1. Do any trypsin sites (Lys or Arg not before Pro) in the stretch 342-435 lie in a DSSP loop with no more than 10 other beta carbon atoms within 10 Å, and if so, which?
2. Dimensions of the stretch 524-601 along principal axes (Cα, Å, largest first)?
3. Give, rounded to the nearest 20 debye, the magnitude of the charge dipole that the stretch 417-494 has about its Cα centre when Lys and Arg contribute +1 at Cβ and Asp and Glu contribute -1 at Cβ.
4. Are there any chymotrypsin sites (Phe, Trp or Tyr not before Pro) in the stretch 594-691 that are in a DSSP loop and have at most 16 other Cβ atoms within 10 Å? List them by number.
5. Could you please tell me the mean projected area of the C-alpha convex hull for the stretch 26-137, averaged over all directions and given in square nanometres to one decimal?
6. Once the dipole of the stretch 685-730 is set up with Lys and Arg at +1 and Asp and Glu at -1 on Cβ about the Cα centre, which of C723, L685, P713 lies farthest towards its positive end?
7. Can you give me the P(r) profile for the stretch 580-636? Cα pairs, bins 10 angstrom wide beginning at 0, each as a whole percent.
8. Taking just the C-alpha trace of the stretch 298-368, give me its Rg and Dmax in Å.
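The values are calculated or read from the model by the stated rules, or taken from the named source; none is laboratory data. Since the model is a prediction, treat every value here as computed from it, not as a measurement. Here the Cβ positions follow ideal geometry from the backbone for every residue, glycine too, while neighbour counts run over all protein chains shown. Only protein heavy atoms, including side chains, enter the accessible area calculation; ligands, DNA and RNA are left aside. Shrake-Rupley method; radii C 1.70, N 1.55, O 1.52, S 1.80 Å.
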Amino acid sequence: MRRAAAALVILSAMALIGQAQARPPSPRDTPSSRTGTGSIRGRVLTADTGTPVRNARVGLAAAAGALPIVLTDDEGRFAVTALAAGQYTVTVSKPGYLKTGSTNPIQLTDAAAVDDVEIRVSRSAAISGRVVDDLGDPVVGTTVIAEEAGRGLVAQTARGSSNVAPAGRAQTDDLGEYRIGGLPAGSFLVSSMGRAMPPIGPQGADSIGEIFVTVNGVVRVTPTFDGLAFQLPASLPGRYYYGGVQRAADASPITVGAGDERTAVDIVLPSNPTFPRSGAAAASRRNPATGVLRGLTLRSDGRALGQASVGVESLDQVFHGAVTSDSEGVYEFQELPAGAYRLYASKTGFDYIEFAQRAAFERGQPVRVNAGELRDRADLSLPRLGAIAGRLVDQYSDPVEGARVRVLQLTFSAGRRQLVDVPGVQPGKTNDAGRYRIYGLRTGQYFVSAVVGQVDVARPMADLPGYAPTYYPGTPNPGEARPIAVGWAQNVDSGDLPLSQVRTARVTGSAFSSQGDPIRGGLLLVASQRSEAVAPMRVGALIYPDGTFEFPNVAPGEYVIQAFRARITRSTEAEFGMQFVIVNGSDVTRVVVRTSPGSTIAGRVTFDSAETPNPREFELSPVPVDADTSPFMAGPLGQAEIENDWTFTLAGISGSRRLRLTHAPSGWALKAIYANGIDVTDTALPFGTADQSLRGIEVVLTNRLAEVSGRVPDARACAITDCDVTVFGTNREQWYPDSRFVKRVTPTRDGAFSIRGLPSGEYFVAAVGRRQSSTEKNDEWQAPELLDALARQASRVGLTEGQRVSASPTLLVK
């Protein structure tokens, strides 16, 4: 199930990348617009006092399209040079001011210079408040819009009804707070579009997508979760206005002037309906062989917490169920089969918790339900999740709007230490005041980064040139970033984060397929692995119909451009191409990336015994070794379709790979892989061209599995800390990512464990408390430095083919 869900997320992410990049944007900086000798210079001033507006974004648009943004200097001046003859319009924007354009288009003749452009900008207004339900709980991730009073979202024209965009919109955070900036002076109706999706699973998160308005005036929303679209249940409430009404005619308008901010514009939504509960005695009489489990969902301070999701799962995993607690926090499971259960609860903004769990990353205690029993007072106290808030500013300490802010963790991933996104935590976006808030954080150490001026395939960001990706407390070097500690229920205000000014550049060129067709989607710029980048962020490109591309505002560094086409079949990967580029502040032009059909791997599966299982039960894949030369974002890995005669073929393979048995039925494992009689089982092999293809590969499988089993002596401590048992080869060269010589398993509650399918050799065995050593969401447990430390205290065993040995590893970390 988890593997299928992960594949679905990857496929959906790929769909987003393809769609976002495939849309041909307006050409920017085309040769026709930037090969002349004309220029436009001017000044941006405030409308009321004539004060210069510094660091304002100035954009020029011609018939050929938009040109790159320029910024005003300390005196509000700007200049755009090397312009061809033509007609240009100028627009200016800056947080706290209304977006303003030139009154009349500027007509530029050959070699002309227009030096007296003056644009005056007015202060904008803002409206802020909270959206809560009638229980007082914040409504998270719902969209709030401001529409001009008396105009509505659907206007009547001579040709009938037409859509009218709202004056502004925002989404609520985990506190239910929102802020809508950039508003002109006037009167507005403020409304919420309804409740967001409920939490999904232990790391559930709410979000709601873009609004669209039908011509009949019905407003709908598309909720999303990790990029996947879901349909709203029909029972959810609709649109509610400030003032507690559902009709625009009854709503209370909010009037603001230039530069005003109206606060405490709060909206109350009805809570989800409560579910009727039958009496426990009645349930027991209906089926005396079952029991009832009842309790409360509570806040950390002991107050009732309603509308929490509560789940049970029997320890033998033959039964599971879920309910929602009522407004008083009461939940109840009826007709539970007798047995022991894992009991857990979650709610948006609160941490996932198990019954009798005492600290983060610990396991809870099982709940026993007997036949005919009412098991009462099984209460669950949910701590609030933490958050990091702050303000992003420029070199003048002015707010930066529209920047993407991420929270990262330093983990061991893809064979090295790097900063990666925290699973389940959505990036934030700064508002017109430069404020951001990243929530849903469990206790831990986090790093904050901010990015502007780049192409994000999923979330548009401000086109603001001249700034590098910046890490708290204000450095472009991720190695100098400082972590921020977040505890349970802790809100950390990190203060101002100043963007790092650098000389950014553009990377431009062309991308083509092996057939010479232009690549119109699937193009990424990534910090190269060979540069040992600590935070390899992937950004998209502006792609034009003729295959030319542009990566704007690229900070100095070493990068790799990756291009890929659509996936062909399950066993044939997409065409792929890559090109290294070095950026040092000057534009990098005329880069050519051409995809290749890749290499072919063909061979046969054999066995070291007479028994032969069903070939459809095996999955064989070429696992990437080098992130630079392999298409990590081009969809799922190729999976060999093993025929009835046990032959297989993989095609379209690029980059450094290891051939791996990624799935096998119980009792079977990989023994060896031979290429032309040479053992290449653990060798990284190069692919990408036709002459690098391998045929006659022999993949040998075995059912004579070696096994390490035993029991952790300190079973109770192991259960509390949620420990793991790690078995790893004594040869350090075997500690590569996803090595078949390094395996991990979680013991049962009595400390018993078993690991099968290990190759012959010498191994260390160690039991490690997961709370201190790692989490399930990264590969920290495979880090060589951690294995080195464990090796000094671990037990040691030797394995031969088919041998079973026993071990009793001491719990090393408590």
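1. Here the trypsin sites (Lys or Arg not before Pro) that fit, given the DSSP loop and packing criteria, are R358, R377.
2. Answer, in whole Å and largest first: 41, 32, 16 Å.
3. So the magnitude is around 220 debye.
4. Those satisfying the criteria are W646.
5. Seen from a random direction, the Cα hull of the stretch 26-137 projects 9.6 nm² on average.
6. My answer, from the dipole projection, is P713.
7. P(r) over the stretch 580-636, rounded to whole percents: 12, 32, 25, 16, 8, 6, 1.
8. Looking at the stretch 298-368, its Cα Rg and Dmax stand at 12.2, 35 Å.
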